[in-house]
Amino acid sequence: MRSFDTELKNLRDGIMAMAGIAEEMIELTIQALAERASAKAEQVQALDRQLDEWELKLDQLCIDLLALHAPAARDLRLIASSLKIVPELERVGDHCCNIARRTAFVHPPILAGDSLEQLGARTRSMIRRAVDAFVGHDAPLAHAVIQSDDEVDELYGQIYRELLRLMLADPLCIERASHLILVIKNWERIADQATNIAEEVLYILEGRSAKHPYLRGNAVE
Amino acid sequence: MLNPQIPETKPVKLAVRGMNFWYGEKKILHDLSMDIHAERATAIIGPSGCGKSTFLKCFNRIHEVSSQVRVTGDMLMDGVDINRGGIDQVDLRRRVGMVFQKPNPFPRSIYENVAFGPRLFGVRDRATLDDLVEDALRKAALWDEVKDRLKDSATGMSGGQQQRLCIARALAVHPEVLLMDEPCSALDPIATSKIEELIFELKDSLTIVIVTHNMQQAARVSDYTAFFWLGKMVEMDLTERIFTTPRERMTEDYITGRFG
């Protein structure tokens, strides 16, 4: 295997390692929220450092590959998209930390039903499938991830309106509800990150941007 | 760089249709067809022996020095066939200039090298020749370096200067097309970058066809890139597309260094 191919494999492996850590953080965050488990919240913070370290390492690797190998075609697309996927995964970690930090302030629960758990689970699924699409070169799966974002947005909207209603009804729950608004906003942002990753996967595979479909055909000169 | 979303506005300068090239019994080029647009740089890339230099040389009929060569199909310049359209060989070579891999100045003064072409075409007046020489040397970005030593021998110049002198020599007869066969392969990076800058400026008024082994050079200087393999054209497209999203697997493998 050529040294360039080895380095490209290192890049892919690095992104998969980051994705593994991000998924573990999401899982721990879901558990910390449900169980009010402060130990798990602390684990989330510790894992975030690993993500940050990976980000620096992979950023440098991408720059080196661009500078030393002048890549083209699918190699170029992989490296260019990696430069965008890596910070998305790093941001997933930051959002998990933001949620985990609030676990102490959202109990006892004020939301009826399992909508909060569902939001976490759907977001986790989006990140997992986006990463699977990257690993498996799976364009249909990447498209499916992008479509899932609307469902998460809708669920977010529902919970948000419910929290507003609760705050109006009972001022005593305002503090918990405001923390929860930030919690659901962070979940919703993680789903956006999954969408962005899926869009990059499509760029790598198909060579054209999947972003902003409403602008398609109106290229900027 | 041309935007793939915007249609080409420049007319076709050279149109090749179903062209084949034989050397004796051996068929070197197979059924080539392409459009080369005016005021654009078109790069031809491909592994050694793919026929890209042979193809380039057909545009000014250098192959005519050999009786073994046979060309079929159409090669049109402004709609007139350069092989069968009654175009005189000398006139064709004035309209279609060529720069080779290794700088090949005549062993004469800098001035005489550039004045050679115009003299051949009958320019005798000294003041007119002076103007033509200065103009060509300026266009080749060489004037400032040589204006005080025009009588010095061209062979004493650096490789990069010699190559720009060869470009000036080609420009002195006001060609419409400039063929460049690996013009930078014998040059260092600084001289290479000067030639590349020059290509960029010259294509404002000329049609440029460049054969290069250096894929990054093709990416930097050309608007269109054609990939040749075993005497066939595998793919031709906007350079931007060839280097980011080629259609053919073979092109992809070649430009990513995974060929063969």
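All of the numbers you see were taken from the coordinates with simple rules; none came from a lab. Note that this is a predicted model, so its numbers are computed, not measured. Glycine gets a Cβ as well: all are built from the backbone with ideal geometry, and neighbour counts include every protein chain shown.
Summary of computed values
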{"read-out": "Only Lys, Arg (+1) and Asp, Glu (-1) charged, at Cβ; chain A dipole about Cα centre in debye", "value": "120"}
{"read-out": "FRET efficiency, 1/(1 + (r/R0)^6) with R0 56 Å, evaluated for residue A:53 and residue B:23 via beta carbons", "value": "0.40"}
{"read-out": "The protein assembly as shown, Rg to Rh (Cα coordinates; Rh as Kirkwood inverse mean 1/r)", "value": "1.17"}
{"read-out": "Whether segment B:1-46 is rounded, prolate or oblate, judged on the alpha carbon gyration tensor where a/c under 1.5 counts as rounded", "value": "prolate"}
{"read-out": "Pairwise FRET efficiency - residue A:139 versus residue B:158, Cβ, R0 = 56 Å, nearest 0.05", "value": "0.60"}
{"read-out": "Simple label model, 7 Å out from Cα along Cβ direction - residue A:39 to residue B:5, nm", "value": "5.5"}
{"read-out": "Those lysines that a straight Cα-Cα span of less than 18 Å connects to residue B:139, excepting residues fewer than 8 apart in one chain", "value": "B:147, B:194, B:203"}
{"read-out": "Label-point gap, in nm, between residue A:147 and residue B:84 - each point 7 angstrom along Cα→Cβ", "value": "5.6"}
{"read-out": "Alpha carbon centroid spacing (whole Å) that separates segment A:1-42 from segment B:217-238", "value": "42"}
{"read-out": "Highest to lowest packing among B:18-26, A:179-187, scored as the average C-beta count within 10 Å", "value": "A:179-187, B:18-26"}
{"read-out": "Degrees separating the helix B:126-139 axis from the principal Cα axis of chain B, which is the longest one", "value": "40"}
{"read-out": "For segment A:3-211, radius of gyration divided by Kirkwood radius, i.e. Rg to Rh on alpha-carbons", "value": "1.04"}
{"read-out": "Inter-probe distance in nm under a simple model that places probes 7 Å from Cα toward Cβ, at residue B:149 and residue B:127", "value": "3.0"}
{"read-out": "Amide H within-cut-off set for residue B:229, under 5 Å, with H built and near neighbours excluded", "value": "B:234"}
{"read-out": "Shielding of A:64-73 by partner chains, average beta-carbon count, 10 Å", "value": "4"}
{"read-out": "J(HN,Hα) series, segment B:187-199, from Karplus relation 6.51 cos²θ - 1.76 cosθ + 1.60, nearest Hz, glycine and proline x", "value": "10, 7, x, 6, 5, 4, 5, 5, 5, 5, 4, 4, 4"}
{"read-out": "Shape of segment B:100-209, Cα gyration tensor, a/c cut at 1.5", "value": "oblate"}
{"read-out": "Residue mean of other protein chain beta carbons inside 10 Å, A:130-136", "value": "0"}
{"read-out": "Helix A:115-136 vs. chain A, principal-axis angle (Cα, 0 to 90°, nearest 10)", "value": "10"}
{"read-out": "Calculated P(r) of segment A:59-156 - Cα pairs past 16 Å, %", "value": "69"}
{"read-out": "Highest average packing first - A:126-139, B:115-128, Cβ atoms within 10 Å", "value": "A:126-139, B:115-128"}
